[in-house]
Structure formats: C-alpha cells, structure tokens
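A short worksheet on the structure shown next.
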Amino acid sequence: MRYLLRRLLLVPVPLIFVIAFVFVVLRLTGDPVAIYLGLDATPEQEAVLRAELHLDKPVPVQFGYFLLDLLRGDFGTSIQFKRPAMEVVAERLGSTLQLLSLGLLLAIVLGVLGGVACAVWKDKVPDFLISVLAVAGQSMPSFWLGILLIQLFALDLQWLPTSGQGGWEHMVLPVVTLATFLVPNFILVMRVSVLETAREQFVVTARARGAGPARALWLHILPNAINPVVSLVGLQLGRLMGGAVVTESIFAWPGVGRLMVSAIFQRDVPIVIAAVFIVAVTIVLANLLVDLVQAAIDPRIRLR
Amino acid sequence: MRGVLRTVVATALAVAVGASSAQAQKDKDTLVVGASLFTDSIAPTGGAYITLSLCYQTWEPLVARDNDDKLVPALAEKWEAISPTHWRFFLRKGVKWHDGTPFTAADVKFTIDYVIDPKQVYARKTRIAGVTGAEVIDDYTVDIKTASPAPLLLRGLADIPIESKAHTEKVGQAEAHKKPMGTGPWKYVEWVAGDRYDLVANPDYWGGAPAMKKLRIRAIPEGATRVASLVAGETDIIEEIPVDLLPSVEKRKNLRIDAVESSVSLVHTFDTRKPPFNDVRVRLALDYAIDKQMLLKQMLGGYGSVLDGQLVTKATFGYNPNIKSRPYDPAKAKALLAEAGFPKGFENKINTLSGRYLSDVDIANAVAGMMSAVGVKTSVNIVEGGVWSQLDRTREQGPMYSVGWFSVGDADFNTVWYTEASKRNYWTSAEFDKLWLEARSTMDEAARLKAYNRMMEIMHEEVPSIFLFGLPRISGRNEKVSGWQPSRDSLLRLNKVSVK
C-alpha cells in the first residue's frame, strides 16, 4: 500500500517536465494566432485573439498562467474547437483506448502462443516460420501494412470496411495493424524466456518426477516464463501510442492520436497538453498495473 | 480442443457474413462523400477556409460562387450599387430557416454587424474589410455601406454565411455555431469531430429539395484509404485523389475521375532582396530551366494547367491573354547565368510544405533537379506548417519557397502577396503597388482589368516567382453518381447530386 502511494505521488514529476517541454517547444516554433486566422488576418483581429488567449504576455508568464489553471484542473480552451480542451480529448479517448486495449490483447495472445510454439519446436519448421514472420512483421512500417490489409480484406475479399468508425467490423483491420506492430517483440521475448526456464532445475526435477512434456510446459514453465512478457507490455505502451497515431490516420479513426497530431499542426497548445497529460497518466498507471500483476504472478518480486 | 476450433471457425464465418451483410446495407438514400480536409469545428468564425465547405451545407451567403467561381444570387435575389460605397440588396422572398421562421433583412444586418465587430474573432472578416455597417430598409431590402469604393464586396460576401438573428439570440452564439440552423439545402443532424458530418435534406429548400434524402461527409485524411473507400463502394464521391493513385482509379470500370483547374496558383518565389536573386537575369535563367509541361504531366497527371507566365489562372478576373509561359530552354538558362556572373552556378534551397498543395514536395524535388541540371545546385527543405507560417511572417523563407496562392476568381486576392501592403513580399515594385490599390478602389470593371493586365506584365518581366501551375482539383466518383462537379474554389456543392 505504501508502495502504491509512493508511486502515485511521483506521477506529477515527469508530467510537469513533459508539459513544460511541450508548452515551450510549441510556443517557440509557431504562432497559433497566425495559423488560426490565416495569412490575411488584420493586426487588430490578431490583437483581439492574442489577448483572448493571453498570448500577448512573455512565454514564462504564459506558462505560469497555464500551470495555475492546471492546478485547478483547467486545461484551457481549445483554439480550434472553442471548447474546454480536456472535454475534447476525453471525447476521443474512448476510441483510442478501444483500439489500444484490443491491439495489446491480441498482441499478447499471439505473442505468447507464438513464442511458446517457437520454443517447443525449437530449430524446427514452426520455429523458423514464426521467427521469419516476426522479423518481417517488425520491419514492416505500419502505414504500409495498413494499406495492404485494406487492399486485401476491404477491396479484394470485401469482408471488412476500409475505414471509419462503426460496428465491431470497423475495428478488425486497425486492431490487427496495431497488434502486428507489437507481436514480434512478444514472440521473441517469450521464446527466449521459455527456453531459458525449460533448463531450470525445477523443470528438470518435475520431468524427472514423471511430468509429461505438456504438463511441464503449462504448469511449470509457462507461469515462470511469462514475467518478461508482462514487463515488456509496460515498456511497449509508449510505442503503442505512437503506432496508434499512424493507425488512426490510415483508418480515419477519430482517436486521440490523430487529434494530437492535428493540434500540433495548429499549435493548439491546450489540446496537445491535455492529450499528452492523459496519455502520460495512462502509461504511468498501466505501468503500475504491470508491476502489480508481476508481483501477483511471481512471489519473488516484492513491491517496496 | 475440437470445441475451441469449432468456435474459432464459427466466429470467422460470422465475421465474413456479418461484414458482407453490413456492406450490403449501405443506405440507398444517403450520399456519402470522402473529404480530404476536415476542420475541427463547423463554426463560421473558424480559421480554415475549408470550414466554409461544411458551413455552406446548412447556411448560405447573400451572393454565392458557383463551381466555376462565377457569382450567382443566393439569399439576395439581386443587388445594385447606389453609389460606389453604398450597395442595396433585394432579398429572396419566402425563404425559411430550418426552424420554419422566415428569413428577413434583420438576419442580414445581425450577421454583418457581428462579423465586423472589432471584438469578434472571425477569420474571414477581412473578406469584407471596409464595410461600415448594414441597414434594414424593409423586411426584404438591406443596404450595406463601405468606407471606400468596394469592387470586391460581392466576392467577399460570398464567404460570409448569413445566420439567424432570432435563433442565435435564443440559444447563444456558442450553441448556434455547434448545431448549425440555416436556410441551406441540408439540415444538421450530427457532427462528430474528426469522423463525420451527418445531414438530412431540407425539403423546403428554395432552390429545390436536394436529390438525395441524406448526406454524410466523412473525414478520410489518408489518400490511399480515401481511394480504397471509393473502390469498396463505401463512399460515392471522394475529394483529392493522390496523383500516384490515378492509374488505379482509371483502371476501375465503375469509377470516374472529374478534374477542374482550381484558382490556386502554385509558384516558387525568390528572395529578391539578396544575391543572387536580386539579379533579374538569374531569376529569368531559372524560369527557362524548368520544363513545366513535363512536370504537369508527371507530377499532376496532366490535370490542371501550366500558368501562362503570370500569377493568375485563365478563369480568374485579371488574366492577361497576351502573356505566354517561357519555353524550356536550358541552354539559354546557362547563358543567362554566365552573363549574370554565375557560370558555375551556386548553391540554392527551396522551402516547401508537405501535403498542403497537390504534389507539393514532388514538384519541388523535380524543380530542384532541373535547376541542378543547369548548375544551380538546389536542395529541398520540407518545413512543418507552423514553422512555415512563422518564416512567412518574418520574411525568412530563404532564397526560394513554394506556395500556392488562392484567387477565388479575382486577381486582387492573390496579387496582394506581392505588394508592400501584405508585409509578406520579397520583391517590390512601386508601379505594381499603385495599380493594385487603384484596381481595388474603383468600380470600373474595364479599368480594373486593365490594371491587372499591366500588373501581370510587370511580374512576367521581373520574375518575382516562377509561375508553375494552376493546380487541379481531382475528385473521384462512382459511375452511379450524377450531377457532381468538383469546384474551382474547393467547396462541396451537393444538392443536385444523386446516386442511382
């Protein structure tokens, strides 16, 4: 419990750094007023909007105002949407979490099964095939894979829609694209982990006591081999979010990733920071969850 | 194990069947359009010009543009200039707002007043700069006055949607801008930012009820996905087919490509304040170094046009028919460079945005290659939009940069970028500035045309930019779609479109 509390108390530290960095970089590289009003804005009109957004003050003062508002839970008003930034981000969050959680789940299931298969049939045909596929999957850019999947499943076979949000059939291609991005890592880690665990004394002992290969695998090896994959999940979350940006663009999926990219182009700082904040909090919490799950699986790990 | 396998197979079958039946169910009454640009808001105060494409599904201006950039009556049936600074508009009678209340002069006055209010942020306000106010004469007559003669007022009004006074006062501006309630052909149903805009036909529309019962405009930013959605039959019409995907659309028998030359002129502008481009011979040399016809064919699929050695396209008011594009002549380019003291060329750089204009980066790369071929070693620098706009305001784009200037039909709107008044110009000419100001402050159309024609001549001689292309707008549609035409000004006009 104390461990949990300490972890949670440390959450704001990286967040403040991230927010300060995003704020300063976006302010210095582009002027939201100029972008919003376009090329032929009049000086008077710019002055009005600048004052409205507190952009007429020096950057450190602006950041001070921003932090004060943040402490009150106010992320500011989006320039583009004319609505509270957090509200806009929260609306899109569901779509992204749907994609991410399903993608992650699929990646874990395929990764674990693939890794186990590789280990069981080490140096045989299945190991070779799966490893080759894994390397190919890892080296394939997700935008290209996405377009190939659209070509095959939406155009040639006409089983699935090309893009957009709707029923569950709209989720298949984006989820598969996102999972393909992660599966290879899981397979490779799982394979090595299973092979290493199989050489451990307790496995040898179990076999010596008469446990068949299947029993040894499912009861003795797997529970001990799964932990590296769980910690990999924590490490991969950031990458997954990056993958979501690309996947959302290809499949016209109205999620936070696309929102964030367009907000960056518009220098819509409140939206970018609200989105970064939510993503960072999600990643931190997910990592915490990973730690807890690991401790639950493996009694050797103590939360201190 | 067998049970698991059975479940998997059953699920897979359900996927296939379920999905295909879902596709077959595509609503016959709905027109689905795949949009390339989709703004984050449908409020008319919005920044991006493209917001208008969504606004004008529900709202309408007093005077509208058609697909060819010609002005046509909309909420105003006719108009007259009582004096150069005093216009009278006679409003269309019997027009109803979507809530059933009648449209009157009070709505026009309300809209104009709030748009010109200095405290109101309204991005397209400058389009009617100089308007001092609107006055209601009777329910169907309204006067608009300007500070000085305003030949561009009508074109400017085409970018201002008229909003309902009573409705805005009742629900507040924020709400009125969130759920548009206009006089236009389509009625608001639902807006999902980043995903889609759903509308239904307005059966009482004064211009005749739309041919389709429902309209859905979908945001599909990725070009390949947009094309795939058209091929799969999920969309009936898509905007902006990427040039490299044209062949794959052309080979599909059930798809059609419609292209029109837009009023966007793509140019590569020089920083004429510094050497080497302060020497007109160097600028001329590079103009001769570019094979524009070949680029048009390779980079724009042969759609659009090569600009005739001037800033504006043929369809724009101010076009000078006596000026022709300079031929491709690398030998002459080399001779001119030598004459200017650069027999061995020099290092050069082109700044460009990526994806803002059709094939922008590809064109910049090809131009750089052709310049390098005559000895001017040119590299291309892709700049992110926000940074680009900062460079633009500080006039720090570097020796050359690529930009597309909109005219929406009148030379005033894009020649301004070459005047001191714009504060964005690199090249300058006192005569040019004087003509520009004259042309925008007289009501005499012939005098205006003459001024623009002379301005085009000056630019042709002085080469402040390499005038490349009138960019095309290339849209795709299913063969079942009729009544569709892409527009020069990039707005979607969909009330006459039907799907068999």
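Bear in mind that the values in this text are calculations on the coordinates, not laboratory data. Values in this document were obtained by computation on a predicted structure and should not be read as measured data. Methodologically, a virtual Cβ is constructed for each residue, glycine included, from the backbone with ideal geometry; neighbour enumeration extends over all protein chains shown.
Please label the shape of the range A:90-303 as rounded, prolate or oblate, based on the square roots a ≥ b ≥ c of the eigenvalues of the alpha-carbon gyration tensor (a/c under 1.5 means rounded; beyond that, a/b larger than b/c means prolate, else oblate).
Cα axes put the range A:90-303 in the oblate bin.
If the reach is capped at under 20 angstrom between alpha carbons, list the lysines near residue B:251, excluding any in the same chain fewer than eight residues apart.
B:297, B:480
What 222 nm value per residue comes from the helices of the protein assembly as shown, counting each DSSP H run with n ≥ 4 as -39,500 (n - 2.57) and dividing by all residues, nearest 500 deg cm²/dmol?
Computed ellipticity for the protein assembly as shown at 222 nm equals -15000 deg cm²/dmol.
Just to check, using Stokes-Einstein with a Kirkwood Rh over alpha carbon pairs, what's the diffusion coefficient of the range B:229-270 at 20 °C and 1.002 mPa s in µm²/s?
This corresponds to a translational diffusion coefficient of 173 µm²/s.
Computed over the Cα atoms, what is the radius of gyration of the range A:126-230 divided by 2.2 N^0.38 Å, N being its residue count?
It is 1.47.
Quick check for you: which residues of the range B:264-287 have the amide N under 19 Å from the point 7 Å beyond the Cα of residue B:428 toward its beta carbon?
Backbone N within reach: B:269-280.
Leaving out same-chain residues fewer than 8 places away, which aspartates and glutamates sit with a Cα under 13 Å from that of residue B:253?
Result set, ordered by chain and number: B:479.
What number of lysine-lysine pairs in the range B:168-225 show an alpha-carbon separation below 17 angstrom, given a sequence spacing of 8 or more or placement on distinct chains?
7
Return the inverse of the average 1/r over all pairs of distinct C-alpha atoms in the range A:2-71, which is the Kirkwood hydrodynamic radius, in Å to one decimal.
Every distinct Cα pair counted, the radius reaches 14.2 Å.
For a paramagnetic label modelled at 7 Å from the Cα of residue A:207 toward its Cβ, which residues of the range A:97-139 fall within the zone defined by backbone nitrogen distances under 17 Å?
Zone members listed by number: A:116-124.
For the range A:1-118, compute Rh as the Kirkwood radius over C-alpha pairs and then the Stokes-Einstein diffusion coefficient at 10 °C and 1.306 mPa s; write the answer in µm²/s, rounded to an integer.
The estimated diffusion coefficient comes to 88 µm²/s.
How far is the Cα center of the range B:151-220 from the Cα center of the range A:179-222, in Å?
For the range B:151-220 versus the range A:179-222, the Cα centre distance is 62 Å.
On full extension of the chain, what length is gained from residue A:4 through residue A:133, given 0.36 nm per residue of separation minus the C-alpha to C-alpha distance?
The residue A:4-residue A:133 span can extend by a further 42.5 nm.
Would you mind computing Rg(Cα) / (2.2 N^0.38 Å) for the range B:263-472, counting N as its residues?
Its radius of gyration relative to the 2.2 N^0.38 Å reference: 0.96.
When all C-alpha to C-alpha distances in the range B:349-497 are sorted into bins of 10 Å, what percent of pairs does each bin hold, rounded to whole numbers?
Reading upward from the zero bin: 9, 30, 32, 21, 7, 0.
What is the distance in Å between the Cα centroid of the range A:270-286 and that of the range A:6-60?
Cα centroid of the range A:270-286 versus Cα centroid of the range A:6-60: 17 Å apart.
Can you give the Kirkwood hydrodynamic radius for the range B:59-165, in Å, rounded to one decimal and based on Cα pairs?
The Cα-based Kirkwood calculation yields 13.8 Å.
In the range B:346-433, how does Rg compare with the Kirkwood Rh, expressed as the Rg/Rh ratio over alpha carbon atoms?
0.99
Between residue A:152 and residue B:213, what is the label-point separation in nm under the 7 Å Cα-to-beta-carbon projection?
About 3.9 nm separates the two model spin labels.
Between residue B:351 and residues 5 or more places away or on another chain, which pairs have amide H atoms under 5 Å apart, with H built 1.01 Å from N, and which residues are they?
It is B:381, B:400, B:401, B:402, by chain and number.
Spelling out what I want: for every residue of the range B:385-399, take phi, set θ = phi - 60°, compute 6.51 cos²θ - 1.76 cosθ + 1.60 (Karplus), and round to whole Hz; glycine and proline get x.
Using θ = phi - 60°, the values come out as x, x, 5, 4, 5, 5, 4, 5, 6, 8, 6, 10, 5, x, x Hz.
How many angstrom lie between the C-alpha centres of the range B:352-416 and the range B:27-97?
With the range B:352-416 and the range B:27-97 each reduced to a Cα centre, they are spaced 30 Å.
So which helices of chain A fit the span-like rule, where a helix is a whole DSSP H run, its Cα atoms reach 24 Å or more along the axis, and its mean Kyte-Doolittle is at least -1.0?
In chain A, the long hydrophobic H runs are A:12-29, A:85-120, A:169-198, A:227-250, A:269-297.
Give me, ordered by chain and number, the residues 5 or more places off residue B:31 or on other chains with an amide H under 5 Å from its own placed amide H.
Amide H to amide H, under 5 Å and 5 or more residues apart or across chains, residue B:31 pairs with B:214, B:215, B:216.
Checking the a/c ratio against 1.5 first, then a/b against b/c, what shape does the Cα gyration tensor give for the protein assembly as shown?
prolate
Near the amide H of residue A:77, under 5 Å away, which other amide H atoms are found, from residues 5 or more places off or on another chain, if H is placed in the peptide plane?
Distant-sequence amide H within range of residue A:77: A:85.
Can you figure out the FRET efficiency of residue A:293 with residue A:52, using R₀ = 51 Å and their beta-carbon distance, to the nearest 0.05?
The calculated FRET efficiency here is 0.60.
With the Cα gyration tensor of chain B giving a ≥ b ≥ c as the square roots of its eigenvalues, does the rule (a/c under 1.5 for rounded; else a/b larger than b/c for prolate; else oblate) give rounded, prolate or oblate?
Here chain B falls in the oblate category.
Residue by residue through the range B:108-121, which ³J(HN,Hα) values in whole Hz follow from phi under the Karplus form 6.51 cos²θ - 1.76 cosθ + 1.60 (θ = phi - 60°), with glycine and proline marked x?
5, 4, 4, 5, 4, 4, 6, 5, 7, 4, x, 7, 8, 7
Go through the range B:251-258 residue by residue and turn each phi into a ³J(HN,Hα) via Karplus (6.51, -1.76, 1.60, θ = phi - 60°); whole Hz please, and just put x for glycine and proline.
Once θ is set to phi - 60°, the couplings for the range B:251-258 become 7, 7, 5, 8, 10, 10, 10, 10 Hz.
Return the average number of partner chain Cβ atoms within 10 angstrom of each residue Cβ along peptide A:247-256.
Mean shielding count: 4.
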